[in-house]
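Here the structure comes first, spelled out in structure tokens, and everything after it is commentary.
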Amino acid sequence: MGQIRTKIDGHIAWLLFDRPDKLNAMTIDSWREMGEALTALGKESEVRVLILAGEGRAFLAGHDVNEMREHSRAFAAGTYKPADLHEGQKMLQETTRLIRKLRFPVIAAVHGFAVGAGCEVTVACDLVVAAEGAKFGFPEVNVGVTITNGGTFLLPRKIGLARAREMAYTGEFIDAEEALAMGLVNRVVPEDRLRDEAEALARRIASRAPMAVQLHKTMIDRGLEATLETMLAFETEALVMTAVTDDHIEGVNAFFEKREPDFKGV
């Protein structure tokens with residue numbers, strides 16, 4: 001019925017783009033569903049890592065061009081106005097805010113196409129596991145619109161200004177290996193192992209002390225815009241917060257007892 005599905009397996013949650021007949025191209029309704037799903041998952045206290053993946057032949061092949069055509073025709077007819085587009089944009093951009101605000105890391109498991117909106121979602125995630133043959137790109141200039149959803153903020157921070165400008169200005173796609181070399185992707189794996197590899201990475205992260213992982217996500221994000229002195233102060237406060245936890249005691253004890261720690265998140 002919906003275009004977004006979620007499931008939870010212990011400490012790992014999945015959000016699946018489920019419109020395979022359209023290569024998971026998003027609509028305004030899809031963005032609304034995604035925002036609701038992310039909000040709900042953020043309230044699940046046991047979740048420590050979220051994986052985003054696409055059903056069918058693609059991760060997420062942009063925004064639905066049929067809906068874009070309807071909007072452009074409605075603009076011309078005067079029945080769809082800039083204020084309406086602003087409202088739609090709020091739903092799109094809220095998904096990026098939610099991904100970054102989630103207390104736990106988010107991994108994109110990308111196969112097929114992650115272009116336009118799909119690449120915007122990808123760069124919003126903490127980590128990316130890509131299948132061999134996956135394609136990434138921002139083709140917005142080819143249809144006369146601009147990148148949204150935080151893409152122009154996040155992309156240069158991941159791959160550098162020169163490469164971000166080239167992708168934005170040309171609208172050309174890059175493959176998984178090139179994305180890996182640029183730093184857009186963390187690892188490239190055979191497509192038949194994509195979800196297994198993404199889950200294995202998620203489970204490794206989930207086995208670490210949750211508060212420390214969560215604070216690292218916040219600290220690295222804050223560090224993108226803060227001064228060194230601000231981050232030194234933040235690091236001190238974060239260290240104090242974690243040093244007094246039961247998980248810190250468990251981690252130290254496990255080290256000396258030569259066993260795997262059992263972190264509880266407290």
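The values are calculated or read from the model by the stated rules, or taken from the named source; none is laboratory data. Because the structure is predicted, anything quoted here is derived from the model rather than measured. When we count neighbours, we look across all protein chains shown, and the Cβ atoms used for this are built from the backbone with ideal geometry, even at glycine.
Points worth noting:
- Taking every residue in the range 224-237 that is farther than 19 Å from ARG157 by Cα and pairing it with any residue that is in a helix (DSSP H, G or I), at least 6 positions away or on another chain, the pairs with Cβ-Cβ distances below 7 Å are PHE234/MET219; PHE234/ARG222; GLU235/MET219.
- Selected residue (only one of VAL189, VAL266 is at pLDDT below 95 and among the β-branched types (Val, Ile, Thr)): VAL266
- Leading residue by the ranking (farthest from TYR169 (Cα to Cα)) among those in the range 131-147 that are assigned to a helix (DSSP H, G or I) and of a type outside the set (Asp, Glu): VAL143
- Residues located in the range 205-222, provided they are more than 18 Å from the chain's Cα centre (by Cα) and either surrounded by fewer than 18 Cβ atoms within 10 Å (Cβ to Cβ) or over 11 Å from VAL49 (Cβ atoms) (or both): SER207, ARG208, ALA209, MET211, ALA212
- Contact map, the range 244-260: residues that are within 16 Å of SER207 (Cβ to Cβ) paired with residues that are of a type in the set (Asp, Glu), Cβ distance under 9 Å, separation 6+ or inter-chain. Pairs shown: GLU250/ASP262; ALA254/GLU260; ALA254/ASP262.
- Hey, GLU177 surrounded by fewer than 16 Cβ atoms within 10 Å (Cβ to Cβ) and at pLDDT below 95 or not: no
Residue-wise test of (1) in contact with a Gly (Cβ under 9 Å, 6 or more places away or on another chain); (2) within 30 Å of GLU140 (Cβ to Cβ).
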position: TYR169; (1), (2): no, yes
position: ILE174; (1), (2): yes, yes
position: GLU177; (1), (2): no, yes
position: LEU180; (1), (2): no, yes
position: PRO210; (1), (2): yes, no
position: LEU224; (1), (2): no, yes
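- Of the residues in the range 13-33, at least one is modelled with pLDDT of 90 or more, closer than 27 Å to GLY171 by Cβ and among the small types (Gly, Ala, Ser).
- Restricting the search to helices (runs of 4 or more DSSP H) fully inside the range 183-266 and requiring at least 2 residues that are in contact with a Phe, Trp or Tyr (Cβ under 6 Å, 6 or more places away or on another chain) and of a type in the set (Ser, Thr, Tyr) gives an empty result.
- Restricting attention to the range 3-27 and to residues that are touching a residue at least 12 places away in the same chain (Cβ under 8 Å) and over 23 Å from CYS119 (Cβ atoms), the residue that is surrounded by the most Cβ atoms within 10 Å (Cβ to Cβ) turns out to be ILE12.
- Of all the listed residues (ARG73, ARG103, ARG32), the sole one being on the phi < 0 side of the Ramachandran plot and more than 19 Å from the chain's Cα centre (by Cα) is ARG73.
- Selection over the range 194-217 of residues that are out of contact with any helix residue (DSSP H, G or I) (no Cβ under 7 Å at 6 or more places or on another chain) and touching a residue at least 60 places away in the same chain (Cβ under 8 Å) gives a count of 12.
- Helices (runs of 4 or more DSSP H) fully within the range 28-109 that include at least 2 residues being of a type in the set (A, V, I, L, M), without any contact (Cβ under 8 Å) to a residue 24 or more places away in the chain and farther than 30 Å from THR218 by Cβ: 65-77, 82-101.
- Matching residues in the range 110-125 - criterion: being within 11 Å of the chain's Cα centre (by Cα) and either part of a strand (DSSP E or B) or not assigned by TED's automatic domain parsing to the domain that holds ASN186 (or both): VAL110
- Residues in the range 150-182 that are assigned to a helix (DSSP H, G or I) and among the aromatic types (Phe, Trp, Tyr): PHE153, TYR169.
- Selection status of VAL128, outside any loop (DSSP other than H, G, I, E, B), within 19 Å of the chain's Cα centre (by Cα), under 19 Å from ILE220 (Cα atoms) and in contact (Cβ under 8 Å) with a residue 60 or more places away in the chain: no
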